[in-house]
Amino acid sequence: MPRSPRLKPPPGACDCHLHVYGESARYPWVPVKNRPFPDRRLEHYVAVRDRLGLARTVIVQATHYATDNRCLLDSVAALGANGRGIAVVDPAISDDALAALHAGGVRGLRFGRDLANGMQPDVLEDMAARIAPFGWHIQYRSWPDELLELEARFRKLPIPVCFDHMGNIGPEAGGAGHPAFKALLGLLDTGNCWVKLSAPYQLSKTGAPDYADYRPQGLAFVKAAPERMVWGTNWPHPRVEDKPEEADLLDVLQDWTGGDAKTLQAILVDNPATLYGF
């Protein structure tokens with residue numbers, strides 16, 4: 001049964017990672033690795049947002065829509081001033097089309113080598129240069145080997161890069177002891193890197209409600225750069241069949257921050273306002 005979190009978020013708190021799916025007749029979609037198309041629309045998410053006590057929302061382009069960002073843009077428009085988006089585009093997109101996305105609330109592009117229909121690292125530098133004038137950032141879905149391979153390139157980007165899902169460095173792979181985790185901490189030291197404290201349930205072996213095997217990573221990230229951490233639910237959790245309770249994910253953040261009000265204010269409110277331009 002859905003519940004409210006024990007943590008009461010501060011006013012203006014933001015969910016920085018979720019996906020929205022619309023009516024198929026209005027927003028045609030493409031198959032993604034035999035995964036079913038989720039029937040999870042904006043109104044379904046709003047009920048989750050309100051139950052958690054959140055105010056702001058960042059919608060990430062769903063892979064089922066490839067580079068067709070219409071559902072994303074319509075959803076952001078419906079949210080008004082409290083909505084932002086992360087898009088996926090064809091690298092051949094015109095500057096005018098990028099400007100139109102910005103006007104529609106988009107504030108970044110999502111990359112990742114394993115993302116079906118996603119943006120690939122071969123255009124990372126070119127697209128970073130093109131979106132820099134808009135004040136956007138790169139959101140990257142990495143895996144450990146990929147992060148190590150691309151670390152030097154990430155360091156040279158002229159815009160911030162935000163690693164979603166904590167870099168996908170699972171506890172089974174070594175967690176906080178993995179070289180990729182240490183590389184990510186090094187990137188945080190540059191001041192141009194952000195980490196999204198999201199989706200520990202995808203790789204956790206200990207599971208809900210506290211995802212204890214991810215705790216060392218969560219604590220280390222928050223200690224390293226609390227001013228560049230953001231948080232998200234990853235609703236509707238498209239990669240897993242056993243869906244997590246979103247309240248658990250918010251309560252885990254309370255654990256990783258020690259319940260410190262200043263740190264929670266930064267991660268849930270101030271940092272998203274900076275990164276997404278709220």
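The values are calculated or read from the model by the stated rules, or taken from the named source; none is laboratory data. This structure is a prediction, so every number in the text was calculated from the model and none was measured. Positions of Cβ are backbone-derived with ideal geometry, glycine not excepted, and every protein chain shown enters the neighbour counts.
Which residue, of Leu109, Leu79, is among the hydrophobic types (A, V, I, L, M, F, W, C) and out of contact with any Ser or Thr (no Cβ under 6 Å at 6 or more places or on another chain)?
Leu109
Could you tell me which numbered condition Arg51 fails, if it satisfies all but one of (1) in contact (Cβ under 8 Å) with a residue 24 or more places away in the chain; (2) in a loop (DSSP other than H, G, I, E, B); (3) over 17 Å from the mean Cα position of the chain (by Cα)?
Of (1) in contact (Cβ under 8 Å) with a residue 24 or more places away in the chain; (2) in a loop (DSSP other than H, G, I, E, B); (3) over 17 Å from the mean Cα position of the chain (by Cα), only one is false for Arg51: (2).
Here's the yes/no breakdown for (1) farther than 22 Å from Gln120 by Cβ; (2) modelled with pLDDT under 95; (3) in contact with a helix residue (DSSP H, G or I) (Cβ under 6 Å, 6 or more places away or on another chain); (4) of a type in the set (A, V, I, L, M, F, W, C):
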{"position": "Val20", "(1), (2), (3), (4)": "yes, no, yes, yes"}
{"position": "Ser24", "(1), (2), (3), (4)": "yes, yes, no, no"}
{"position": "Arg40", "(1), (2), (3), (4)": "yes, yes, no, no"}
{"position": "Val48", "(1), (2), (3), (4)": "yes, no, yes, yes"}
{"position": "Val60", "(1), (2), (3), (4)": "no, no, no, yes"}
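Being buried (at least 20 other Cβ atoms within 10 Å of the Cβ) and either out of contact with any Lys or Arg (no Cβ under 7 Å at 6 or more places or on another chain) or without any contact (Cβ under 8 Å) to a residue 24 or more places away in the chain (or both) is the filter here; which residues of the stretch 88-97 pass it?
Val89
Of everything in the stretch 177-235, what is buried (at least 19 other Cβ atoms within 10 Å of the Cβ), among the β-branched types (Val, Ile, Thr) and part of a loop (DSSP other than H, G, I, E, B)? Give them in sequence order.
Result: Thr233, single match.
Residues in the stretch 250-269 that are in contact with a helix residue (DSSP H, G or I) (Cβ under 7 Å, 6 or more places away or on another chain) and farther than 16 Å from Ala199 by Cα: how many?
The qualifying residues number 4.
For residues that are touching a strand residue (DSSP E or B) at 6+ places or on another chain (Cβ under 7 Å) and assigned to a loop (DSSP other than H, G, I, E, B), scanning just the stretch 14-45, find the one that is nearest to Ala273 (Cα to Cα).
Ranking the candidates gives His19 first.
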